[in-house]
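Novice: Structure in structure tokens, see below.
Read-outs throughout are calculated quantities, based only on the coordinates presented, and are distinct from any laboratory measurement. Please read these numbers as outputs of a predicted model, since none were measured by experiment. Don't worry about glycine lacking a Cβ; one is built from the backbone with ideal geometry, like all the others, and counts go over all protein chains shown.
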Amino acid sequence: MRNFAGIEDEYCGFDAAATLLQSIPYDGTSTWGKGADKAFPALLDALENMELYDIETNSEVYKTGVHILPEILEDASPEAMVDTVYKASKEILHTGKFPTFFGGEHSVSIGIIKAFAEKYKDLTVLQLDAHADLRSEYDGTPYNHACAVHQASKTCNLIQVGIRSMDSSELAYLNQEKCFFAEDIHQKTEWMDHSIDLMTQDVYVTIDLDVFDPSIMPSTGTPEPGGLDWYTVIRYLRNVFQNRNVVGFDIVELAPQEGHKASDFLCAKLYYKLLSYKFENHGK
């Protein structure tokens, strides 16, 4: 087992770590670009080659400790994967540590969100994504990556950010007042505060990397033009962490490309940024 970012053992043990990192390398329902099951080693490689001092927060968050859990490898069926992830997430939530998850495709979030919604009775799910992912089923299963937040739209306060692609069948499940389309984000400035005002106190964040423009994040299964830039995303997420209680997050849909390390590095930097925001005032 590799240590997070190559750091010393003292920061990686379960007891010492404030954060748990759960890898779920499942890529069973993706329909175009494959490779999300290969994402975790690419993330670890990038983390090991990244500076661990964060300028923005003036912190070295790795010192709060990150423990990598054994991978969840269930892939017999989408249903079996979701059930296994759901049960594992419930166990993780009992630890009292900060839970983080890494895909894999976006269907891995279904079981995670179900577990969080049971623990936090007034949960907001903040989805950053190019796609609405609101289908009730796709390719014969409700546990497809195209259905990632369908249940969340029914059981949680779902806020969607960066959306720029969807099927007409999803309109029945779309809350227009809580969906911030990429086109509007590019044209307006007040959307950040407005979206945060719509959130409850406890927030779970699910990030499909295709929310970013493919000019900076081409290594994903279904890249969509017109995505968000780096500073828009991290400025927004810092505001969320500062104004709400982020109870966990996942990052999904990295599909590494041979010879292209920039996307892997963006993903590693994003993960580390979110931890830096979560523990920004730790020990200060």
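Novice: Using the basic label-point model (7 angstrom from Cα toward the beta carbon), what is the Q176 to E56 distance in nanometres?
Specialist: 3.3 nm
Novice: Could I ask something else about it? With each label point set 7 Å from Cα along the Cα-Cβ vector, what nm distance links K121 and E91?
Specialist: Here the modelled spin labels are 2.8 nm apart.
Novice: Antiparallel as a % of all DSSP beta bridges within the range 4-278, to the nearest 5?
Specialist: 10 percent
Novice: Treat every Asp and Glu Cβ in the range 31-83 as -1 and every Lys and Arg Cβ as +1, leave all other atoms uncharged, and give the resulting dipole magnitude about the Cα centre to the nearest 20 debye.
Specialist: Roughly 100 debye for the range 31-83.
Novice: Using only Cα atoms, locate the centre of the range 177-191 and the centre of the range 205-227, then give the distance between them in Å, rounded to an integer.
Specialist: Measuring centre to centre over Cα atoms gives 17 Å.
Novice: Evaluate the charge dipole of the range 29-121 about its Cα centre and quote only its size in Debye, nearest 20, assuming +1 on the Cβ of each Lys and Arg and -1 on the Cβ of each Asp and Glu.
Specialist: 440 debye
Novice: Could I ask something else about it? Kindly work out what percent of the DSSP beta bridges joining two residues of the range 171-270 are antiparallel, to the nearest 5.
Specialist: Beta bridges within the range 171-270, antiparallel portion: roughly 20 percent.
Novice: Another question, if that's okay. Distance between the C-alpha centers of the range 143-175 and the range 12-30? Whole Å please.
Specialist: 25 Å
Novice: Using alpha carbons only, how many angstrom separate the centre of the range 51-85 from the centre of the range 255-284?
Specialist: Cα centres, the range 51-85 to the range 255-284: 11 Å.
Novice: Next question. Considering the options P214, M199, G226, tell which one lies farthest towards the positive end of the dipole of the chain, charges being +1 on Lys and Arg and -1 on Asp and Glu at the Cβ, about the Cα centre.
Specialist: M199
Novice: For the chain, what is the charge dipole size about the Cα centre, in debye to the nearest 20, if Lys and Arg each add +1 at the Cβ and Asp and Glu each add -1 at the Cβ?
Specialist: Charge dipole of the chain: 640 debye, to the nearest 20.
Novice: In square nanometres, what is the average projected area of the Cα convex hull of the range 4-278?
Specialist: In nm², the orientation-averaged hull projection of the range 4-278 is 13.2.
Novice: Read phi for every residue in the range 121-136 and hand back ³J(HN,Hα) as whole Hz from Karplus 6.51 cos²θ - 1.76 cosθ + 1.60, θ = phi - 60°, with x for Gly and Pro.
Specialist: 3J(HN,Hα) across the range 121-136, in whole Hz: 6, 10, 8, 9, 9, 9, 9, 9, 6, 7, 10, 5, 6, 10, 4, 6.
Novice: Quick one: of K38/K90; K87/K114; K38/K261; K63/K97, which pairs are farther than 18 Å apart, Cα to Cα?
Specialist: The answer is K38/K90.
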